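Worksheet: the structure to be examined is printed underneath.
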Amino acid sequence: MSQTTRTTTLIESVAALVKTELAPLTNAIDQEGLYPADFLHKLGALGGFASAIPKAYGGLELGLDSQIDITSLVGRECGSTAFLTWCQSTCAWYLLHAPNETVRARYLPQVAQGKLLAGTGMSNTVKHLAGIEKIHLSAVREGDGYIVSGSLPWVSNIGKDHLAIVAASVGEEGYIMFAVRGDTEGLSLNPCPEFSGLEGTQTLNMRFRNVRIQADDVLAQPDQFKSFIARIKAGFVLGQLGMGFGIIEGSLKTIRESNVTTSHVNVYLDEQGEDIATKFEALRNQVSSLAPQAENGTALILDILRARANGSEATLAAAQSALLHAGAKGYLMRHPAQRRLREAIFVAIVTPALKHLRKEIHDIEQAQQAKAEAA
């Protein structure tokens, strides 16, 4: 069976699962904070987190672009669950590229197949490395392992029976990135203040009190951390575009449906469905060309950051236009347009947020200009 056929089969299977298992839960996920654990396990069994993972680790070897398509397909129905899909598939991405083969073999097949649900708690670290905030977790060596203390707010897709992948400072040595189970001694998981959206993502505060991390749970040691982060960052950032793409496609659906009865007045809105669709197609094609580069480690991070920033802006524009096209009924809690607008705002504030992306883009461009002037 060709890769194209396998990809088509996967997409069709996921679409059917979204229709039968996720669609009936969307309002409860958004308005009641329902965490769709059963759907995630079923999605994992289909291969919904494993497109970019080799077969040797339980993956499908269909590529990162296929994984973005899966996240997008979920996001057409529910942005919260698309975020969880990204969290899970991104943890698999981390494990795939971890220098430590032991931790990769232990966790990657389970995470890729959705048997072990996993959350990525790298927001603080990514912001710290960009010069935005201090790192919240600290580690000290103890034998071959580490003792970790500190607190991480807002880590999603975690629980007592989940895995989390996070990072900590090891003083002057640098940083480590490690996996930790939610029921580990010394680790407590606490509720966060209520969000206006994305409440069904099981987002919790992780409090580490002298938590012992064994060497076999460390993805990257201090001397490996810098190159490891550089290797995973492109896929980490690019994969998030699947969330935005799903929201854009859902917004275009709302625009088409609204125009059946109100196109005579919707025509006066600045953002029309055709304009949004044209811009979306161009961005989607760009991401399709960047995805293989992210996989083989040749992607220019500036291109990735620009694409991600453009994706945030496009998602915001599409969701706002959909709500304006729908009019007053789009403002009802039962209408998807208002939910998608809240989800779109999340796409623009989740790390790396739009302002974070613009900062990194500015810093890289300034460094390039300084280098060119010195040459």
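The values are calculated or read from the model by the stated rules, or taken from the named source; none is laboratory data. Keep in mind it's a predicted model, so treat the numbers as computed, not measured. Using ideal geometry, Cβ is built from the backbone for each residue, glycine included, and neighbour counts are taken over all protein chains shown. Calculation scope for accessible area: heavy atoms of the full protein, side chains included, ligands and nucleic acids excluded. Shrake-Rupley method; radii C 1.70, N 1.55, O 1.52, S 1.80 Å.
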For region 153-237, which strands (runs of 3 or more DSSP E) that fit wholly inside it have 2 or more residues that are in contact (Cβ under 8 Å) with a residue 24 or more places away in the chain and over 21 Å from Cys87 (Cβ atoms)?
-> 204-213
Given the structure, is Pro336 over 28 Å from Val265 (Cβ atoms) and either open to solvent by less than 10 Å² (accessible area, probe 1.4 Å) or modelled with pLDDT of 95 or more (or both)?
-> no
Is there any pair with a first residue in region 352-375 that is part of a helix (DSSP H, G or I) and a second that is surrounded by fewer than 17 Cβ atoms within 10 Å (Cβ to Cβ) whose Cβ atoms are under 6 Å apart and which are 6 or more apart or on different chains, and what are they?
-> Glu360/Ala130; Ile364/Leu302
Residue pairs qualifying under the 7 Å Cβ cut-off, at least six apart or on distinct chains, with the first in region 255-267 being among the small types (Gly, Ala, Ser) and the second being in a helix (DSSP H, G or I), are Ser258/Asn266; Ser258/His325; Ser258/Ala326
Over region 45-80, the set of residues farther than 26 Å from Thr315 by Cα, outside any loop (DSSP other than H, G, I, E, B) and either among the basic types (Lys, Arg) or open to solvent by less than 10 Å² (accessible area, probe 1.4 Å) (or both) is Lys55
Would you mind finding the one in Ala314, Ala282 that is touching a residue at least 12 places away in the same chain (Cβ under 8 Å) and either among the acidic types (Asp, Glu) or out of contact with any strand residue (DSSP E or B) (no Cβ under 9 Å at 6 or more places or on another chain) (or both)?
-> Ala314
Flagged pairs (Cβ under 9 angstrom, 6 or more apart or on separate chains; first in region 38-50, touching a residue at least 40 places away in the same chain (Cβ under 8 Å); second of a type in the set (D, E, K, R) and part of a helix (DSSP H, G or I)) are Phe39/Glu21; Lys42/Glu21; Leu43/Glu21; Gly48/Lys42
Any idea which of Ala307, Ala348, Ala314 is touching a helix residue (DSSP H, G or I) at 6+ places or on another chain (Cβ under 8 Å), more than 21 Å from Gln31 (Cβ to Cβ), part of a helix (DSSP H, G or I) and open to solvent by 20 Å² or more (accessible area, probe 1.4 Å)?
-> Ala314
Lone qualifier among Thr85, Thr9 - being without any contact (Cβ under 8 Å) to a residue 24 or more places away in the chain and either within 15 Å of the chain's Cα centre (by Cα) or surrounded by fewer than 17 Cβ atoms within 10 Å (Cβ to Cβ) (or both) = Thr9
Looking at (1) in contact with a His (Cβ under 9 Å, 6 or more places away or on another chain); (2) within 27 Å of Val126 (Cβ to Cβ), which is the one condition that is false for Ser258?
-> (2)
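Please verify whether Ala15 is closer than 20 Å to Gln202 by Cβ and touching a residue at least 40 places away in the same chain (Cβ under 8 Å), treating the condition exactly as stated. Outline the logic, then answer.
Details: closer than 20 Å to Gln202 by Cβ: no; touching a residue at least 40 places away in the same chain (Cβ under 8 Å): yes.
For Ala15, the condition - closer than 20 Å to Gln202 by Cβ and touching a residue at least 40 places away in the same chain (Cβ under 8 Å) - is not met.
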